[in-house]
1. I'd like the full set of residues that are in a strand (DSSP E or B), farther than 19 Å from Arg200 by Cα and at pLDDT 95 or above, limited to region 14-46.
2. Hey, any hits in region 47-61 for a residue that's buried (at least 23 other Cβ atoms within 10 Å of the Cβ), over 19 Å from Ala201 (Cβ atoms) and at pLDDT 95 or above?
3. For region 232-243, what are the residues that are within 26 Å of the chain's Cα centre (by Cα) and farther than 21 Å from Arg157 by Cβ?
4. Mind checking which pairs have a first residue in region 130-157 that is among the basic types (Lys, Arg) and a second that is modelled with pLDDT of 95 or more and part of a loop (DSSP other than H, G, I, E, B), Cβ under 7 Å, 6 or more apart or different chains?
5. If you check Gly69 against the conditions, is it touching a helix residue (DSSP H, G or I) at 6+ places or on another chain (Cβ under 7 Å) and at pLDDT below 95?
6. Scan region 173-185 residue by residue and report those that are within 14 Å of the chain's Cα centre (by Cα) and either of a type in the set (Lys, Arg) or surrounded by 17 or more Cβ atoms within 10 Å (Cβ to Cβ) (or both).
7. Looking only at residues in region 106-165 that are β-branched (Val, Ile, Thr) and either crowded, with 24+ Cβ neighbours inside 10 Å or under 16 Å from the mean Cα position of the chain (by Cα) (or both), which one is farthest from Glu202 (Cα to Cα)?
8. For region 197-206, which residues satisfy the criterion of being surrounded by fewer than 17 Cβ atoms within 10 Å (Cβ to Cβ) and either in contact with a Ser or Thr (Cβ under 8 Å, 6 or more places away or on another chain) or more than 22 Å from Gly61 (Cβ to Cβ) (or both)?
Amino acid sequence: MSESTSSDSPIILRKQGVITHIELNNPKRRNALSREMTTLLADALREAHADEDCRVIVLSGRGEHFCAGGDVSAMQAERPILGSRQRIEHAHHIVRLLAAGPKPVVCAVEGVAFGLGMSLALACDVVVAAEGSSMCAVFNKVGLVPDMGIMWTLAQRVGVPKAKQLFFSAEVLDQSTAQTLGLIDHGAAKTCALAVAFERAEPFCSAAPMPIALIKAAYAKGFGSLEDALRAEVDYQPALYLSEDHQEGVKAFFEKRKPSFKGK
């Protein structure tokens, strides 16, 4: 394992083989995301996506909690409209990097994933949550609309009517309820979310990277109809037919062995 950032940085990036682990490191504030952390998280995600050796990203929080949301202390400061718009748009880079970036992202949730923390988790491709963890779209309790893409990502998992109910009520969801609703893909014992997340990341290490990147891009763009899905196939599949990985997959099939994909 190699560590690319200092252990006292608010965002820590570590490399473990082809897995890149990004950790929110503000445990005294339950990993509430400050403005500095927002910038550093976006930078870390860009680095991971640009790394040719990285096949999958694992996102977690240091300590007992994943992320309690935005930094409430910053909410007490005066926020003019123009500056607020710029900060929101800056934070949107994170959502795009998680949901539409080429590398799959596995999220490990311990403790709370509230507000922005829930938004981060649901923007990931795979969500692992430990016993005792909880999620809450808490925005309404502080007089705000849901942000960081969660109005889209939550509806993708539970449908629009249920998403609206959860936004209106700001109901706290325990792990069992969240998993039943489909917000969590895999459960874990308390304190074991990160270990399970690494287990769930393992299959991506040997999978073909290019189809995964294109599948993510297609779903992030959205399918309004069957024709949209068929058009995506026409756009993506011919290029993949010409890829080295496709040839390797076919060759491995006939040779009855596991393929060795290179992302080319």
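The values are calculated or read from the model by the stated rules, or taken from the named source; none is laboratory data. Quantities reported herein were computed from a predicted structural model and do not represent experimental measurements. Because the Cβ atoms are built from the backbone with ideal geometry, glycine has one as well, and the counts that use them run over all protein chains shown.
1. Answer for region 14-46, where residues must be in a strand (DSSP E or B), farther than 19 Å from Arg200 by Cα and at pLDDT 95 or above: just Leu24.
2. No, there is no match, as no residue in region 47-61 is buried (at least 23 other Cβ atoms within 10 Å of the Cβ), over 19 Å from Ala201 (Cβ atoms) and at pLDDT 95 or above.
3. Glu233, Asp235, Tyr236, Gln237, Leu240
4. From residues that are among the basic types (Lys, Arg), the pairs are Lys141/Ala170; Arg157/Gly182; Arg157/Leu183.
5. For Gly69, the condition - touching a helix residue (DSSP H, G or I) at 6+ places or on another chain (Cβ under 7 Å) and at pLDDT below 95 - is met.
6. Residues satisfying the conditions are Leu183, Ile184.
7. Of everything passing the filter in region 106-165, Ile150 is farthest from Glu202 (Cα to Cα).
8. Answer for region 197-206, where residues must be surrounded by fewer than 17 Cβ atoms within 10 Å (Cβ to Cβ) and either in contact with a Ser or Thr (Cβ under 8 Å, 6 or more places away or on another chain) or more than 22 Å from Gly61 (Cβ to Cβ) (or both): Pro203, Cys205, Ser206.
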